[in-house]
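The values are calculated or read from the model by the stated rules, or taken from the named source; none is laboratory data. Predicted model only: the values in this text are computed from it and were never measured. As a convention, Cβ positions derive from the backbone with ideal geometry for all residues, glycine included, and neighbour counts pool all protein chains shown. Please note that ligands, DNA and RNA were not included when accessible areas were found on the heavy atoms of the full protein model with its side chains. Shrake-Rupley method; radii C 1.70, N 1.55, O 1.52, S 1.80 Å.
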Amino acid sequence: MDGPSGISDQEFGRFRDLIYQIAGIQLSDAKKVLLVGRLSRRLKHYGLSTFAQYYQLVTSPQESRELQTMVDLLTTNETYFFREPKHFDFLRDIASRHRPGTPFRVWSAASSTGEEAYSIAMVLGETIGSANWEVIGTDISSRVLEKARKAHYSQERIDGIPR
């Protein structure tokens, strides 16, 4: 039976299981409206009339690009420079004890548009300078990773960067 959101509970359950399997994201029943709102344009784009048809599309082996589009649409990317200041204090402490001659590597998982990864790089540059260090930023959303690669941020995004 279709609810007011235009998607049946069964269809929503299939998408909920799929996004959990792919990205580890748990969608509660309260996110049903969000899912419908974010994916409805894709149904229109393909001329599909049901979410069941769209599910068939995104789970077919030849539609990996559309599956990635679906993931991009269902992920919420919150990020900013020096988010969680205590984490950067901890990084400074650890990096200050870095042994010269050994590589210092940091993985910024779920790095979204890159602000955290670039913040890590700033801390390492300030703390251990030109020593051998590396930051790797990853995210499940290809859309936000493209923004991170460009590293172009508006003035309002960089205002919170400490001197």
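Amide hydrogen proximity for ILE140: with H placed 1.01 Å from N in the peptide plane, the residues at 5 or more positions away or on another chain lying under 5 Å are ALA110. Under 5 Å from the amide H of ALA131 lies no amide H of any residue 5 or more positions distant or on a separate chain, with H modelled from the backbone and absent for Pro and chain starts.
Please build a GNM for the chain, connecting alpha carbons under 10 Å apart, and tell me which residue among GLY47, GLY13, GLY37 fluctuates the most. Among GLY47, GLY13, GLY37, the largest GNM mean-square fluctuation belongs to GLY47. Taking θ as phi - 60° and the Karplus parameters 6.51, -1.76 and 1.60, the scalar couplings of the range 27-39 work out to 9, 7, 4, 5, 8, 4, 5, 4, 4, 4, x, 7, 9 Hz in sequence order, x denoting glycine and proline. Along the range 41-46 the Karplus relation, 6.51 cos²θ - 1.76 cosθ + 1.60 evaluated at θ = phi - 60°, assigns HN-Hα couplings of 5, 5, 4, 4, 4, 8 Hz to successive residues, with x for each Gly and Pro.
In this calculation the C-beta distance from VAL33 to GLU126 is compared with R0 = 41 Å, giving a FRET efficiency of 0.40.
Between LEU48 and TYR20, the simple label model (points 7 Å from Cα in the Cβ direction) yields a spacing of 2.1 nm. In this calculation the C-beta distance from SER60 to ALA151 is compared with R0 = 35 Å, giving a FRET efficiency of 0.50.
In this calculation the C-beta distance from ARG105 to ARG41 is compared with R0 = 41 Å, giving a FRET efficiency of 0.55. The share of accessible area on the chain that comes from carbon and sulfur is 51 percent, using a 1.4 angstrom probe.
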